[in-house]
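All remarks here apply to the structure that follows.
Just so it is clear, none of the values below were taken in a lab; they were calculated from the coordinates. These numbers were taken from a predicted model, which means no experiment stands behind them. Cβ atoms come from the backbone with ideal geometry, glycine included; neighbour counts cover every protein chain shown.
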Amino acid sequence: MISRRTFMKIVAALPIATLIPEQSFANETSGDVRASVLQTSENEFAVTDADGTWTITVAETEDIRRVDLVGPNGETEYLLLNKQEKTLYSSITGETIDASDAELEGGSDQPQPYGLGTVYPIRRSKPIYYYRRYSYASIKASAGAAAGVAKIAGVIASRCGAGNIKAAADIIAGLGGIITAVGSGSTSHGLRVKLRKVRVHEYHDFQQKWIEINPEITIAGISTY
């Protein structure tokens with residue numbers, strides 16, 4: 001039997017690398033996707049995939065959402081979502097597709113009014129979850145047949161919220177076979193996006209109802225179907 005003192009000497013002699021688990025800060029998969037994502041400013045991201053490093057900038061107003069992509073060779077593309085007409089135009093393919101997404105699951109409930117003696121207005125936040133599905137055919141129509149992680153993430157973010165570029169690229173980079181799947185253009189299969197919406201309600205006593213204020217929507221997960 002090894003004494004405690006002898007055991008401690010053996011442990012002390014081991015290389016540090018054997019005691020500390022390896023960590024990786026880039027997204028890599030064993031499939032056909034390898035990518036890393038870096039947020040360089042509030043509205044700008046650098047996505048490095050098999051095609052090189054793409055600089056992606058996002059802009060959003062009440063009526064439009066625009067995602068601009070500058071490729072490794074200086075090529076420029078953009079995705080433009082018209083919120084009023086519910087269409088998405090892609091300079092990559094030159095196509096305009098329907099973007100009237102339907103919420104497949106989830107929902108919300110209104111908080112109950114407070115009792116007498118409460119100081120108004122009152123603010124309260126509540127997260128809800130819902131899902132959207134995007135077929136590989138619709139993604140291909142906007143990202144192109146040979147799209148990499150950057151373009152696919154750009155399409156998903158243009159549909160789900162421009163601030164979701166990093167989350168979309170991070171998760172898509174972990175989905176093996178995604179490049180081939182998008183290239184297939186299947187109408188029966190695609191990506192199922194889980195969205196988290198934080199609804200901030202403000203209750204005014206004189207209005208007797210909750211008013212939704214600037215809901216924030218983020219991607220909570222992406223899977224295939």
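Loop only by DSSP, 11 or fewer other Cβ within 10 Å of the Cβ. Give me the GluC sites (Glu not before Pro) in the stretch 53-92 that pass, ordered by residue number. It would help to have the intermediate numbers written out before the result.
Working: sites: GLU60, GLU62, GLU75, GLU77, GLU85; in loops: GLU62, GLU75, GLU85.
Hits after loop and neighbour filter: GLU62, GLU75.
What pairs in LYS86/LYS166; LYS140/LYS197; LYS166/LYS194; LYS151/LYS194; LYS166/LYS197; LYS126/LYS194 have C-alpha atoms more than 21 Å from each other?
Result: LYS86/LYS166; LYS140/LYS197 exceed 21 Å.
Return the long-range amide H neighbours of ARG199 (sequence gap of 5 or more, or a different chain), with a cut-off of under 5 Å between placed amide H atoms.
Result for ARG199 returns LYS126, ILE128.
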